[in-house]
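Working notes, structure below.
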Amino acid sequence: MVVTHTLDGLLPADVLGRQDPELADLLIGELDRQSTTLQLIAAENFTSPAVLAALGSPLANKYAEGYPGARHHGGCELVDVAERLAVERAMALFGAEHANVQSHSGSSAVLAAYAALLRPGDTVLALGLPHGGHLTHGSPANFSGRWFDFVGYGVDPESGLIDYEQVHALARSHRPKAIVCGSISYPRHIDYEAFRAVADEVGAYLIADAAHPIGLVAGGAAPSPVPYADVVCATTHKVLRGPRGGMLLCGAELAERVDRAVFPFTQGGAQMHTIAAKAVAFGEAATPAFAAYAHQVVANAQALAAGLTAEGLAVTTGGTDTHLLTLDPAPLGVDARTARGRLAAAGLVLDTCALPHPDVRGLRLGTAAVTTQGMGEAEMARIAVLLGQALREEPAGRLVREEVRDLTGRFPPYPG
Ligand SMILES: Cc1ncc(COP(=O)(O)O)c(C=O)c1O
């Protein structure tokens with residue numbers, strides 16, 4: 001492995017390298033991989049060095065079960081301030097009456113939302129997994145499918161758009177206790193007002209799982225679910241560019257139920273280093289620079305969608321409103337799994353995903369990470385051409401790999 005990066009500036013003075021060179025080499029190798037290939041996984045991003053600093057701080061040592069001012073451990077004075085800062089910043093950023101920043105992940109946030117509002121056996125209406133629902137939206141392999149009775153709505157097979165009439169009809173016939181809106185691969189804005197109207201008509205809670213678009217919401221580049229949903233669940237590590245983790249937003253009337261659903265119902269001690277890193281990320285997300293970033297993420301995704309369409313790929317819904325897009329590589333004579341492998345070999349890292357047509361898999365791409373690196377529409381147009389080349393003929397992969405190395409070299413995620 002030819003490694004061109006160091007951890008200088010990201011880790012204090014090579015402390016790890018001296019003590020545990022084997023592991024330090026792995027970390028450097030991963031930094032090198034991230035810096036020399038294109039990160040097009042829609043759920044990933046590059047956090048700032050300040051977020052990484054909070055993650056690698058002494059707050060990682062602190063046990064803090066409970067909430068600020070009501071902990072089960074001593075010595076929480078300073079971490080209490082950190083959590084209060086994170087909560088206040090999240091509330092201000094999203095205009096929410098209450099925020100819980102303790103969820104360890106997006107899945108933990110969804111679990112807490114269900115725990116706050118539902119009982120085992122309740123009926124829940126959510127986007128079906130073959131149409132882009134997350135595991136926590138009723139997969140039989142997940143607690144959600146085991147403990148609740150999920151009914152799935154879908155997207156229109158032709159347009160790829162959520163079938164709001166079907167949502168309405170299913171809600172009326174199944175009378176769910178909650179309706180979940182949110183997806184791992186839906187490229188368009190969700191009509192939260194329409195979901196609220198259906199939920200009100202059948203007396204259901206509305207849970208918005210905004211894990212993907214929440215960073216765009218923070219930057220004013222996507223509509224907010226906060227005014228419409230009873231509870232909003234989210235991740236902090238996608239477009240939002242914070243540490244890996246989750247959070248919940250809700251109105252004052254549900255605050256206590258949501259907090260109790262996180263601790264003590266579904267989690268133990270809060271991870272204070274991650275909460276501090278969330279506070280840092282919320283602070284960053286409140287700046288004009290982040291709003292410009294969020295809008296550029298969308299402009300880049302739209303440029304990428306246009307370029308990929310010009311390459312002959314079938315982009316679902318004909319484009320995107322957000323940071324992500326999905327496509328069917330079949331017009332280029334290759335299935336999604338083969339495509340992902342070929343692209344990975346050429347240095348383009350992305351995922352396969354479900355497509356609106358049953359049993360057909362496609363590719364999912366996102367622009368959060370490459371936009372953090374400073375790339376714009378011109379680079380997206382070039383990436384679309386490179387992707388087409390790498391898919392069309394396998395021998396082109398090596399040339400594409402060289403150009404990807406050159407392109408990423410001009411846009412380092414962590415400039416030294
Ligand atoms: C819609 C949605 N919900 C929940 C999650 C779960 O997040 P995590 O992987 O942090 O548990 C994701 C993750 O991609 C997601 O996209």
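The values are calculated or read from the model by the stated rules, or taken from the named source; none is laboratory data. For clarity, every value in this text was computed on a predicted model and none was experimentally measured. Here Cβ is always computed from backbone atoms with ideal geometry, including for glycine, and neighbour counts include all displayed protein chains.
For region 241-254, the candidate set comprises residues that are aliphatic (A, V, I, L, M) and buried (at least 17 other Cβ atoms within 10 Å of the Cβ); within that set, the residue that is farthest from the ligand (Cβ to nearest atom) is LEU254. Among the residues examined, GLU44 qualifies as of a type in the set (D, E, K, R) and within 15 Å of the ligand (Cβ to nearest atom). For region 13-50, a residue qualifies if it is of a type in the set (Val, Ile, Thr) and modelled with pLDDT under 95, and the qualifying residues are VAL15, ILE28. Among the numbered conditions (1) without any contact (Cβ under 8 Å) to a residue 60 or more places away in the chain; (2) away from the ligand (no atom under 16 Å from the Cβ); (3) surrounded by fewer than 20 Cβ atoms within 10 Å (Cβ to Cβ), the only one that ASN142 does not meet is (2). When TYR293 is tested against (1) within 13 Å of the ligand (Cβ to nearest atom); (2) of a type in the set (Ser, Thr, Tyr); (3) not assigned by TED's automatic domain parsing to the domain that holds ARG84, exactly one condition is not met: (1).
Only one entry in LEU55, LEU38 is within 30 Å of ARG382 (Cα to Cα) and either out of contact with any Ser or Thr (no Cβ under 9 Å at 6 or more places or on another chain) or not polar (S, T, N, Q) (or both), namely LEU38.
Just so you know, in region 93-126 the residues that are within 10 Å of the ligand (Cβ to nearest atom) and part of a helix (DSSP H, G or I) include one that is farthest from the chain's Cα centre (by Cα), and it is LEU111. All conditions in (1) within 15 Å of the ligand (Cβ to nearest atom); (2) among the aliphatic types (A, V, I, L, M); (3) surrounded by fewer than 22 Cβ atoms within 10 Å (Cβ to Cβ) hold for ILE162, with the sole exception of (3).
From the set of residues in region 199-222 that are in contact with a strand residue (DSSP E or B) (Cβ under 6 Å, 6 or more places away or on another chain) and within 11 Å of the ligand (Cβ to nearest atom), which is nearest to LEU93 (Cα to Cα)? By that ranking, first place goes to ILE214. Residue count for region 267-290 under the criterion of being buried (at least 20 other Cβ atoms within 10 Å of the Cβ), within 23 Å of ASP230 (Cβ to Cβ) and not hydrophobic (A, V, I, L, M, F, W, C): the result is 1. I'd like the residue in region 223-240 that is away from the ligand (no atom under 14 Å from the Cβ) and either crowded, with 24+ Cβ neighbours inside 10 Å or of a type in the set (Ser, Thr, Tyr) (or both) and, out of all such residues, is farthest from PHE195 (Cα to Cα). Residue satisfying both the conditions and the ranking: SER224.
Can you tell me which residue among ALA96, ALA126, ALA116, ALA92 is more than 29 Å from ALA141 (Cα to Cα) and surrounded by 20 or more Cβ atoms within 10 Å (Cβ to Cβ)?
ALA96
Where helices (runs of 4 or more DSSP H) fall wholly inside region 165-280, the ranges with 3 or more residues that are within 21 Å of the chain's Cα centre (by Cα) are 214-218.
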